[in-house]
């Protein structure tokens, strides 16, 4: 049985943390912008760091496992 947690958690976080989809940190001229569908280099770096942090916490600290079959 394979552990599907990294795939599922990574996919969900990738969709939710795409810059400009739900929110963008830092936005152009503001700290946070919601659903503006724009992005910048700074926001890509910030969202990447947030993704890595949350992904690591969920998989290593909380030890989420999803088994199929």
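The values are calculated or read from the model by the stated rules, or taken from the named source; none is laboratory data. Bear in mind the structure is a predicted one, so any value in this text is a computation, not a measurement. Positions of Cβ are generated from backbone atoms using ideal geometry, with glycine treated the same way; all protein chains shown enter the neighbour counts.
For the reader, a short list of remarks on this structure follows.
- Selection over the stretch 1-43 of residues that are in contact (Cβ under 8 Å) with a residue 24 or more places away in the chain and under 28 Å from residue 65 (Cα atoms) gives a count of 14.
- Some residue of the stretch 38-61 being modelled with pLDDT under 85 and in contact with a strand residue (DSSP E or B) (Cβ under 6 Å, 6 or more places away or on another chain): no
- Any hit, the stretch 18-37, residues being in a helix (DSSP H, G or I), surrounded by fewer than 12 Cβ atoms within 10 Å (Cβ to Cβ) and either at pLDDT below 90 or in contact with a strand residue (DSSP E or B) (Cβ under 7 Å, 6 or more places away or on another chain) (or both): no
- Test: residue in the stretch 1-9 that is under 14 Å from the mean Cα position of the chain (by Cα), surrounded by 14 or more Cβ atoms within 10 Å (Cβ to Cβ) and not in a loop (DSSP other than H, G, I, E, B): yes
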